[in-house]
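Working notes, structure below.
The values are calculated or read from the model by the stated rules, or taken from the named source; none is laboratory data. Note that the structure is a prediction, hence the values are computed from the model and not measured. Cβ placement follows ideal geometry from the backbone for every residue including glycine, while neighbour counts extend to all protein chains displayed. Note: areas computed on protein heavy atoms with side chains; ligands, DNA, RNA excluded. Shrake-Rupley method; radii C 1.70, N 1.55, O 1.52, S 1.80 Å.
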Amino acid sequence: MEEKEQVRTTAVKGTDTARKVRALVKDIYRTAHEAKAQGKKVAYFMVASQYDEIVRAMDVVPLPTENYAGLCAAKRDMDRFLLKAEAEGYSQVLCSYARIGLGFDSVRKELGGMPENAPDGGMPAPDMMLGSSAVCDPRFKWYQAAGRYLEVPTYSIDVVGPPVYTDLSEVRDYYIRYQKEQLQGLVSFLEAQTGRKMDGERLWEAIRLGDEAWRLWYEVDRLRTAAPSPMPTQDHFSVMVAGHFYAGTQTAVDFYQGLYDEVKHKAEHKIGVIPAEKHRILYGGGLPPWHTLWIFNYFESFGAVFVIENVYRAYDPVEVPHHVKDPVEYLAWRAFLRFTQRHEKARANSGNPTVERLLGMIDDYRIDGVVFHACRSCRATTIGQVHIKNILSQFTDIPKMQLVSDMVDLRDYSEAHWKAQIGAFIESLSARNA
Amino acid sequence: MDDLCTGTRFFWDDVPETADPLDGIAGRYLHTHCPRTNVPQTETREKDLENRYGYIRRFVKEWNVDGVIFYIVRYCDTCELEGPDLREYLTGMKLPVLMIEDDYSTSTIGQLRTRVQAFLEMIA
């Protein structure tokens with residue numbers, strides 16, 4: 001296969017640190033190939049499953065299949081995998097991350113090796129697959145389906161949080177006990193696969209590193225309240241790689257420390273993303289359009305900067321009680337506290353934790369307008385967007401817009417349509433600011 | 001015979017008579033044949049499919065089934081992920097399978113009628 005000419009899809013970054021992420025992404029797949037060659041265990045895994053530190057502490061090399069789908073889209077090399085999955089019977093409305101993953105697995109099996117010119121060297125066949133129900137149900141089910149192409153052990157855990165109108169003190173212990181059982185099940189599975197016992201001290205160390213990275217990441221986002229914006233949303237979609245794909249490692253901590261230093265410097269010296277910031281935009285939700293990230297620069301050409309976003313860092317740091325001495329129980333507590341951190345506020349106000357988060361951002365970041373991204377094949381982040389937009393409108397009259405496409409499937413995207421919508425949105429922002 | 005969430009999946013299996021009735025009810029709901037219920041993996045793919053869909057084999061045998069229509073409601077991702085596996089299992093039993101993907105709208109009813117008629121003619 002001839003190498004295709006690379007279409008520009010990525011955005012110009014605002015920070016130097018974000019430009020270093022490309023190397024981190026390449027390292028994910030390089031490390032996985034090296035691990036396979038050295039006989040180490042490699043696992044397909046799902047981000048934000050609350051089990052990252054367990055995987056790290058067990059010396060299992062994580063291979064994030066969703067990230068690979070995003071990478072294929074950024075390289076505009078997704079069609080051959082999407083079409084392969086669809087030819088095998090998977091629906092065109094099934095999660096496109098899953099379609100790319102399944103299509104890739106199918107092609108690799110058919111060829112008996114890596115698909116030609118696969119982005120970043122491709123994903124090696126894993127030794128196991130670790131699914132989870134966190135965020136959405138395809139993540140719980142995808143790896144079972146991948147069993148068509150990979151006869152490797154698969155383990156999916158349930159990741160749960162209570163609904164908003166719940167007496168948290170009444171249900172807390174049940175949720176934590178259940179979550180701990182689920183995580184403990186994963187530990188036992190990994191022990192069986194690797195032939196070694198979990199080292200509690202190593203797990204604590206991974207947790208310490210994971211928490212420190214996420215604390216620094218949170219601090220970076222607090223610095224982004226500054227005007228002009230020191231770091232835009234397109235950078236967030238790069239820097240999230242450290243928090244999600246390197247969670248529980250020193251690499252992530254060092255990365256966010258470097259990012260913090262740079263963003264702090266920019267904020268203190270009023271170095272903005274663009275010279276003349278006119279409109280401050282909140283990315284209200286939905287997965288990023290990996291196929292067309294330069295669209296953020298298009299907004300900037302009108303003086304509109306995305307200063308903060310509500311995706312891929314869904315929770316702020318939490319304080320697990322000191323009496324928790326078991327690391328697996330700590331992870332269960334942390335998950336519960338993360339998932340419920342806006343419940344009380346929501347019950348007292350809008351009734352919706354996501355709306356509370358958005359209202360907080362609109363206030364803290366002095367937001368002029370909100371943009372949502374509806375992804376046709378991502379129910380989890382798309383269903384409810386209009387509802388959230390409507391509730392939000394009861395509290396603020398700033399302009400809001402919903403763009404529609406998909407996270408990776410370009411067939412659902414129309415550049416002309418988006419540009420027309422963006423033009424109208426900028427006009428309404430300008431009219432308000434006039 | 002059907003294998004629908006609103007059909008046999010809902011009422012076919014009894015609640016086991018456990019010492020604590022709540023255990024029985026919980027077990028019954030957790031083992032319903034909804035695609036969201038992840039049946040633990042078994043050692044080979046063949047055994048895995050049998051473990052997941054063996055109850056359908058029993059339906060097929062007992063009701064002398066000649067063909068299967070698999071109707072997937074769009075955007076039910078767990079059902080969509082099940083589709084190719086279930087088709088593989090059923091075709092492995094030499095059963096003709098019609099896979100239809102649709103939503104709840106009525107605008108596609110004409111197309112559906114044509115496809116179902118063609119399928120029925122094929123298996124007649």
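Tell me which lysines have Cα within less than 17 Å of residue A:109's Cα, excluding those fewer than 8 residues away on the same chain? Answer for residue A:109, where 17 Å is the Cα cut-off: A:36, A:84, listed by chain and number. How big is the dipole moment of the protein assembly as shown about its Cα centre under a simple scheme where the beta carbon of each Lys and Arg is +1, that of each Asp and Glu is -1, and everything else is neutral? Debye, nearest 20, please. Computed charge dipole of the protein assembly as shown: roughly 980 debye. How much mean residue ellipticity at 222 nm does chain A get from its helices, if each DSSP H run of length 4 or more adds -39500 (n - 2.57) and you divide by all residues, to the nearest 500 deg cm²/dmol? Mean residue ellipticity at 222 nm (helix-derived): -16000 deg cm²/dmol. Helix B:21-30 and the longest principal axis of the Cα set of chain B meet at an angle near 30°. Using θ = phi - 60° in the Karplus curve 6.51 cos²θ - 1.76 cosθ + 1.60, the 3J(HN,Hα) couplings for the range A:343-349 round to 5, 5, 4, 5, 4, 7, 10 Hz; x is entered for Gly and Pro.
Within the range A:1-101, the GluC sites (Glu not before Pro) that combine a DSSP coil assignment with at most 13 other C-beta atoms in a 10 angstrom radius are A:2, A:3, A:5.
Rounded to the nearest 10 degrees, the angle from helix B:109-123 to the longest Cα principal axis of chain B is 90 degrees. Just to be sure I understand: if you take the accessible area of chain A alone plus chain B alone and subtract the pair, with a 1.4 Å probe, what total do you get in Å², rounded to 100? Rounded to the nearest hundred, the buried surface is 2200 Å². Computed over the range A:226-306, the Cα gyration tensor eigenvalues convert (square root of 5λ each) into semi-axes of 23, 18, 8 Å, ordered from largest to smallest.
Across the range A:159-258 the C-alpha pair distances fall into 5 Å bins from zero in the proportions 2, 11, 14, 14, 15, 16, 14, 9, 3, 1, 0 percent. Straight-line reach from residue A:264: taking Cα to Cα under 24 Å and skipping same-chain neighbours fewer than 8 places apart, the lysines in range are A:13, A:20, A:278.
Report the Rg/Rh value for chain A, based on alpha-carbon coordinates and the Kirkwood definition of Rh. Result for chain A is an Rg/Rh of 0.95.
Averaged over peptide B:63-74, the number of partner chain Cβ atoms lying within 10 Å of each residue's Cβ comes to 1.
Candidate cross-link partners of residue A:180 among the lysines, defined by an alpha-carbon separation under 29 Å and a same-chain spacing of 8 or more, comprise A:40, A:41, A:141, A:197, A:325, A:345. Shielding by partners for peptide A:321-328, expressed as the average number of C-beta atoms from other protein chains within 10 Å of each residue's C-beta, is 0.
Computed over the alpha carbons of the range A:289-336, Rg followed by Dmax gives 18.8, 53 Å. What number, rounded to the nearest 500 deg cm²/dmol, is the helix-based mean residue ellipticity at 222 nm of chain B, given -39500 (n - 2.57) per DSSP H run of at least four residues and division by all its residues? Helix contribution divided over all residues of chain B: -16000 deg cm²/dmol.
Counting, for every residue in B:97-107, the Cβ atoms of other protein chains within 10 Å of its Cβ and taking the mean gives 1. If the chain linking residue A:254 and residue A:421 were pulled fully straight, counting 0.36 nm for each residue of separation and taking away their Cα-Cα distance, it would gain 56.1 nm. The translational diffusion coefficient of the range A:1-99, from Stokes-Einstein at 4 °C and 1.567 mPa s with a Kirkwood hydrodynamic radius over alpha carbon pairs, comes to 82 µm²/s.
Kirkwood hydrodynamic radius of the range A:261-390, from the reciprocal of the average inverse Cα-Cα distance over all distinct pairs: 17.0 Å. Quick one: Cα centre-to-centre distance for the range A:31-61 and the range A:165-226, in angstrom? When both Cα centres are located, 16 Å separates them. For the range B:31-124, the Stokes-Einstein estimate of translational diffusion at 10 °C and a viscosity of 1.306 mPa s comes to 108 µm²/s, using the Kirkwood hydrodynamic radius over alpha-carbon pairs. Partnerless cysteines in the protein assembly as shown, where a partner means another cysteine C-beta under 4.7 angstrom, comprise A:72, A:95, A:136, B:5, B:34.
Averaged over its residues, the protein assembly as shown has an accessible area of 45 Å² per residue, based on protein heavy atoms and a 1.4 Å probe.
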